[in-house]
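Encoded as structure tokens, the structure appears first; notes follow it.
The numbers here are math on the coordinates, done by the rules we state, and not lab data. What you see is a predicted model; the values in this text were computed from it and never measured. Glycine also receives a Cβ, built like all others from the backbone with ideal geometry; neighbour counts cover every protein chain displayed.
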4 protein chains.
Amino acid sequence: MEYKRLGKSGLQVSRLSFGSWLTFGKQVGDTTAESLMKIAYENGINFFDNAEAYAGGKSEEVMGEVLKKMGWRRDSYIVSSKVFFGADGGKGDLKPTQKGLNRKHVVEACDQALQRLQVDYLDLYFCHRPDKETPIEETVWSMHNLIQQGKVLYWGTSEWSAQEIMEAHMVAKQYNLIGPTMEQPQYNMLVRDKVEVEFKQIYKTVGLGTTTWSPLASGILTGKYNDGFPKDTRLGIEGLEWLKDRLLAEENLKKVKKLTEFAKELGTTMPLLALAWCLKNEDVSTVILGASKNEQLSENLKAFEVVPLLTDEVMEKIEAMLDNAPVHPPF
Amino acid sequence: MEYKRLGKSGLQVSRLSFGSWLTFGKQVGDTTAESLMKIAYENGINFFDNAEAYAGGKSEEVMGEVLKKMGWRRDSYIVSSKVFFGADGGKGDLKPTQKGLNRKHVVEACDQALQRLQVDYLDLYFCHRPDKETPIEETVWSMHNLIQQGKVLYWGTSEWSAQEIMEAHMVAKQYNLIGPTMEQPQYNMLVRDKVEVEFKQIYKTVGLGTTTWSPLASGILTGKYNDGFPKDTRLGIEGLEWLKDRLLAEENLKKVKKLTEFAKELGTTMPLLALAWCLKNEDVSTVILGASKNEQLSENLKAFEVVPLLTDEVMEKIEAMLDNAPVHPPF
Amino acid sequence: MEYKRLGKSGLQVSRLSFGSWLTFGKQVGDTTAESLMKIAYENGINFFDNAEAYAGGKSEEVMGEVLKKMGWRRDSYIVSSKVFFGADGGKGDLKPTQKGLNRKHVVEACDQALQRLQVDYLDLYFCHRPDKETPIEETVWSMHNLIQQGKVLYWGTSEWSAQEIMEAHMVAKQYNLIGPTMEQPQYNMLVRDKVEVEFKQIYKTVGLGTTTWSPLASGILTGKYNDGFPKDTRLGIEGLEWLKDRLLAEENLKKVKKLTEFAKELGTTMPLLALAWCLKNEDVSTVILGASKNEQLSENLKAFEVVPLLTDEVMEKIEAMLDNAPVHPPF
Amino acid sequence: MEYKRLGKSGLQVSRLSFGSWLTFGKQVGDTTAESLMKIAYENGINFFDNAEAYAGGKSEEVMGEVLKKMGWRRDSYIVSSKVFFGADGGKGDLKPTQKGLNRKHVVEACDQALQRLQVDYLDLYFCHRPDKETPIEETVWSMHNLIQQGKVLYWGTSEWSAQEIMEAHMVAKQYNLIGPTMEQPQYNMLVRDKVEVEFKQIYKTVGLGTTTWSPLASGILTGKYNDGFPKDTRLGIEGLEWLKDRLLAEENLKKVKKLTEFAKELGTTMPLLALAWCLKNEDVSTVILGASKNEQLSENLKAFEVVPLLTDEVMEKIEAMLDNAPVHPPF
């Protein structure tokens, strides 16, 4: 396993990490959850990603049980939670005080996550989407206080804009607080703009780290949708229509077919090519893998072996096939 | 129920809320306390207001018992306490260190309120009147520290002047502390100056929220004093002479009689008109209702239905009857 | 002459000072202006008050000429200007950039005042009324920068509210800038609220100084309106209707008649009693006198002799006659 | 003429303003320059925009001569310059120290602009494009110091990203400096993203003002390219190929043809419709007009008359024809 500092912070995170979104507490049972985490841990993965929203808290409970049962030293891994966004599991039955990035919910969601995960502190705690109904100042203060109290070690954001991340840092500078360390954006061959363009300066200025999600574009980059839309896949899950429609465009499927061929020529597979392509980007601190089966996870860990194949020439060919290089501002 | 941000904060508070001043631990027994809070909660009220002074702490004990018995999720409601002012219940038997807004009393009163209310933290904690014998700097630091410690989420003031609130914010800016989020002033058809004029700029500059008390002017705006001063009413309570004299002026009673007629014409009642009139003011975050009887509370919750009746034309007629529009400064 | 620190600042200002509002460049010719300033200076008055608005800049030109001609040492007197309010002389012909408390007008008005007054720096520079169309932050920064550049020594406000003054201090603390030193409010026997109540805390907290205007309530407290409204008086000047209507109420004239009698009994005159009454207030740093005639100014300088007559007993009698003691907040 | 605050600042800028880019010192002679500025000023335009790059400094010299000759009061208008970008007029013959946003060039370019414009200070001074070779910290300090010295009143940016603007504000908060007040982006019916999406939050958070350029998309929105590419037009100017290619797409010309028809139906012209459409956006502080002929400028000033025609219904029709509404982020 390779490790990398999370942005400019000194925290060493494994470049592949493991997330339980859409799987724990939903697609996979507790036994599989355990074996998946064991495979991950034993292969050097040290970051387990979670959120209050994943399976309505169930995902954290399952992960907490595994962590307890395994008895791994607390200082050998990194565990996260996220507050806000999707905490209602799409049911819309949350009380007005049970959501958002205001101090009450940020604090209470943290306490609840600690309980579900059965840990004393979160290594990473994310603001899961921006909240236009709370001043960023209030959120930064709340996160800082949780760090002061020892309940959180690093805080970050997920799917915030560059402007919002910089506003958080502006507030942090203004009040001498600890600003966000990392952002969790979607990043894969089909969704590139934020990581490659929008955040470009922030890696340098405040040293932003990134924990990227969906490296396989919800499975599209495995090639499994190449010949139609199979049942029982993640994109079939209710509530994910927004992802499905954006990603499953005809145009994208064509590209994936070409890339699948190209992967074969390179002597690897489509999923490994897609993962290696993410790892190749040095602005990505860690690529979060999801998995519902042991073999799938073990297989995907081989992505490191593919990275050396990605020479400049190969990357250019991929770029030509993708034909979606984001436009950089002229100045 | 409607909800609104508490000033610029992200905390969503129900526009009608429930206070136990003068009732819990005094006028009403524990069974009524329970049924009142149940009615409130089930109708969407999420803010329960209290103070160390109310019934000498008894009010908090009663509320704490109900909260415990009901077992509502802690993240579904907002509970407050207030430090200083009236903590002696008018008996004047407090030791010198048992009052004021110095660090010792602010901290100790908070701990005591937490115990009486049987909660781990107060959502809102108010400085109940200014304390000329403590530098505001000391009070702001004390409140900030309680927030840092997780014992309080938001702090505010009650019956402070605009100058004092701004001084608290000045100190907060100077030392990088969290300033006051909300003020609890009296506000009703007969007492308007602070909310409508004195605080006008502060809503904009620092985003002050308001949790207003006495929307019915201690009962005068129900019309029950229209024909003389009945026994067993709140204004008859010992220690409230200061309120009684100010409010029960002949002039005020005349206005209320006119308004009572007008309410009938509108197809509503005097109390509902008075409550709706408060709700109409967008600078009011929440209107705190008191109640000693279930029916009274259920009835008052209908105030939202009356708000749409308050057209510009109707408001002008009310203004003419009140004839007490506060003077705005010429510049 | 007595001198007093301007608030908590170390600047010693004469307790009676001289203002050219409504006189220089209007009511009085240049010769009179010169003799008036000479009388003032020779009697120990060290503060000459002015504003860009007074006589549309003419007042500053006249004062500048006198200062130049007299050749008094620059370090022996204090001279002020004020920016915004009334700069159009009621004509409403100012361009959008020629008014307000934005940086452009604050800076340009300062430069223009320096030219008209023929001095290198203003000792005091006032924001002449609040400007709701400019953030106070911008104004504080602008004033601070003028102090940095040596063009202004102390800056202050005129007819701002307590809230606005504290907001200026909040901004100053936030950015480590120099806040306002003094406020110029109206203060006399008939207009008391701001000086006696609204600013009460500010004298202590940030050490506000006050340079009060209109000690004789535009002449009403001389007694000259006791028997009707004479021609050629200040209140007859076009554009001052706002002052006239407020002050010339029947009620006020009755009080002045009583006080005139009482002054006689004390062995003094109505104007001297009114001035001495202002001087008696220790929160007043300096009382600005206006005058259009030499004798008038010389006479008014005798006010200091009347102050010792204002014993507690006498002050109580005056209070009874005035019957307008401002209400202090209950807490 | 209508006026508007430049963002949250108190500076009142005319909603239509006048820029000399591509005209003064190039397309138009000194006599025309004079008559154009006279028409602008007499119609209430109070902002004249310039840059060190425009015609290699010649544009500022011409403007400076006109300002001097006209003798308009300095406090009645706003004049700007910009540092960096294009200062070599495309010749690439600048010495290493003659470009960029480092302190040396920012300071020296300011002094040079003051000389060319023959004024003592610039009202607005822009960073003309970001400079990746200078820390934003150095630029913010340099701009702040120029304000401290009185050489600049407000500073801003041109064609910076949201991230860069926020970084400037972060630095300003960190060191207690004055941050950028305004940004000068391109904005017209064909180029919308920055103004409508990227800066959306910044208008609220730090109160960004905008002085937008190219409201007619370099002439395309006049309709004059509808039937082919004529000679002697701005887009034919050497060095502007980057603009030409982006804007003159076939797709754009089709839209303009449709809009030209629609303008006629509305009873106005294509250029006036395009200008009014910009004015309609309340996040635009001022729309900078260019002009090389008197009649053209006089005609364009009529845009205000067209704004009222832009009802919600009309705006929807225009949106349908433009078919380029920028995508807002999903969160």
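Before moving on, here are some points about what is shown:
- Relative intensity of segment D:88-190 on a log10 scale, I(q)/I(0) at q = 0.11, 0.12, 0.15, 0.19 Å⁻¹, equals -0.33, -0.40, -0.62, -0.97, per a Debye sum over C-alpha point scatterers of equal strength in the absence of solvent.
- Within the protein assembly as shown, helix-based [θ] at 222 nm, where runs of 4 or more DSSP H residues each add -39,500 (n - 2.57), nearest 500: -12000 deg cm²/dmol
- The mean number of partner chain beta-carbon atoms within 10 angstrom of a residue's beta-carbon across peptide A:203-210 is 2.
- Between copies, D:D120 shows label-point distances of 1.5, 6.4, 6.6 nm, shortest first, with the point placed 7 angstrom from Cα along Cα to C-beta.
- Anisotropy class of segment D:15-91 from Cα gyration tensor, a/c 1.5 cut: prolate
- Most mobile listed residue (C:E108, C:E196, C:E250) in chain C, GNM with C-alpha springs under 10 Å: C:E250
- Counting only other chain Cβ atoms within 10 Å of each residue's Cβ, the peptide C:101-112 averages 5.
- Mean Kyte hydropathy of 1.0 or more with a Cα span along the axis of at least 30 Å, helices from DSSP in chain D: none
- Counting DSSP beta bridges with both ends in the protein assembly as shown, the antiparallel % (nearest 5): 15 percent
- Highest average first, the peptides D:321-327, C:95-101 ordered by how many other beta carbon atoms sit within 10 Å of their residues are C:95-101, D:321-327.
- Relative contact order (percent, whole number), chain B, Cα cutoff 8 Å, 6+ residue spacing: 19 percent
- Computed E for D:E42/C:K204 - FRET, C-beta separation, R0 51 angstrom, nearest 0.05: 0.40
- Of all DSSP beta bridges confined to segment C:79-231, the antiparallel ones make up roughly 5%.
- As an equivalent ellipsoid, the protein assembly as shown spans semi-axes of 57, 46, 28 angstrom, where each value is the square root of five times an eigenvalue of the C-alpha gyration tensor, largest first.
- Annotation: the residues D:S142, C:S142, sorted from fewest to most other C-beta atoms within 10 Å of their own C-beta, follow the order D:S142, C:S142.
- Inter-copy separations for C:F331, label at 7 Å along Cα-Cβ, nm, ascending: 3.1, 4.2, 5.4
- Charge tally in the Cβ shell below 10 Å around D:Q112, where Lys, Arg are +1 and Asp, Glu are -1, D:Q112 excluded: -3
- Principal axis box of segment B:278-331, alpha-carbon based, largest edge first, Å: 46, 22, 19
- The amide H of B:E183, built 1.01 Å from its N in the peptide plane, has B:T157, B:G209, B:T210, B:T211 as neighbours under 5 Å, considering only residues 5 or more places off or on other chains.
- Taking the label point 7 Å along Cα→Cβ, A:K258 and its counterparts in the other copies are spaced 3.0, 8.0, 9.7 nm apart, in ascending order.
- Part-to-part distance (alpha-carbon centres) for segment B:23-84 and segment B:254-299, which is given in Å: 22 Å
- Entries of B:K151/D:K200; D:K95/D:K204; A:K99/A:K173; A:K58/D:K204 with Cα pairs more than 29 Å apart: B:K151/D:K200; D:K95/D:K204; A:K58/D:K204
- The alpha-carbon atoms of chain C define a convex hull whose volume equals 133 cubic angstrom per residue.
- With respect to the axis relating copies A and C by rotation, the chain A residue whose beta carbon is closest, plus that distance in Å, is A:Q174, 4.
- Kirkwood-type radius of segment A:177-306, with distances r between different C-alpha atoms, in Å: 15.6 Å
- Within straight-line reach of D:K254, meaning a Cα separation under 26 Å, sit the following lysines at least 8 residues removed in sequence or on another chain: D:K194, D:K224, D:K231, D:K244, D:K264, D:K280, D:K302, D:K317.
- Overall form of segment B:134-197: prolate. Here a/c, set by the Cα gyration tensor axes a ≥ b ≥ c, is 1.5 or more, and a/b is the larger of a/b and b/c.
- Peptides A:126-133, C:28-35, C:7-14 ranked from most to least packed, by the mean per-residue count of other Cβ atoms within 10 Å: A:126-133, C:7-14, C:28-35.
- Every pair of different Cα atoms in segment D:14-173 enters the Kirkwood calculation, which places the hydrodynamic radius at 16.0 Å.
- Counting only DSSP beta bridges whose two residues both lie in chain D, roughly 15 percent are antiparallel.
- Converting the Cα gyration tensor eigenvalues of segment D:232-331 into ellipsoid dimensions via √(5λ) gives semi-axes, longest first, of 22, 20, 15 Å.
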